[in-house]
Amino acid sequence: MFVGKVAAVYNLMPEGIEVLMDDLARRVSEVIPDGVRIVKSQSKPFAYGLMVLEVTFLMNDVAGITDSLEAALQTVEGVQTVEPISVSLI
């Protein structure tokens with residue numbers, strides 16, 4: 001049976017300007033579920049000197065995988081909010 005792929009983009013808002021974005025990206029890579037890989041990670045200006053980490057993930061289209069990913073992302077030290085930007089089949 002063919003399983004499709006899902007590309008998901010999330011913005012991770014740090015708890016404050018003192019959070020180092022490279023450290024945040026490293027911590028994200030340590031908590032993602034099996035079967036999920038990071039395709040792209042970049043810091044972007046948000047507001048008033050605050051940066052946001054935009055991360056693109058690729059995973060198989062299996063039931064509950066995006067829920068598992070979001071739950072894992074919310075456990076990352078230094079992350080205040082997790083915002084899904086787009087989720088699409090590829």
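The values are calculated or read from the model by the stated rules, or taken from the named source; none is laboratory data. Here the structure is a predicted model, which is why all the values come from computation and not from measurement. A quick note on method: Cβ atoms are made from the backbone with ideal geometry, for glycine too, and the neighbour counts reach across all protein chains shown.
General remarks:
- In the range 1-21, residue surrounded by the fewest Cβ atoms within 10 Å (Cβ to Cβ) [restricted to those that are closer than 23 Å to ILE90 by Cα, in contact (Cβ under 8 Å) with a residue 60 or more places away in the chain and not aromatic (Phe, Trp, Tyr)]: GLY4
- Of note, SER41 satisfies the criterion of being free of Cβ contacts under 8 Å to residues at least 24 places away in the same chain and within 13 Å of the chain's Cα centre (by Cα).
- Scanning the range 6-36 for residues that are among the hydrophobic types (A, V, I, L, M, F, W, C), at pLDDT below 95 and more than 12 Å from VAL52 (Cβ to Cβ) returns a single hit, LEU20.
- Options LEU53, LEU24; residue that is in contact with a helix residue (DSSP H, G or I) (Cβ under 6 Å, 6 or more places away or on another chain), surrounded by 10 or more Cβ atoms within 10 Å (Cβ to Cβ) and outside any loop (DSSP other than H, G, I, E, B): LEU53
- Annotation note: Cβ proximity below 9 Å between a residue of the range 22-38 that is on the phi > 0 side of the Ramachandran plot and a residue that is in a helix (DSSP H, G or I) and surrounded by 13 or more Cβ atoms within 10 Å (Cβ to Cβ) (sequence gap 6+ or interchain) occurs for GLY35/ILE65.
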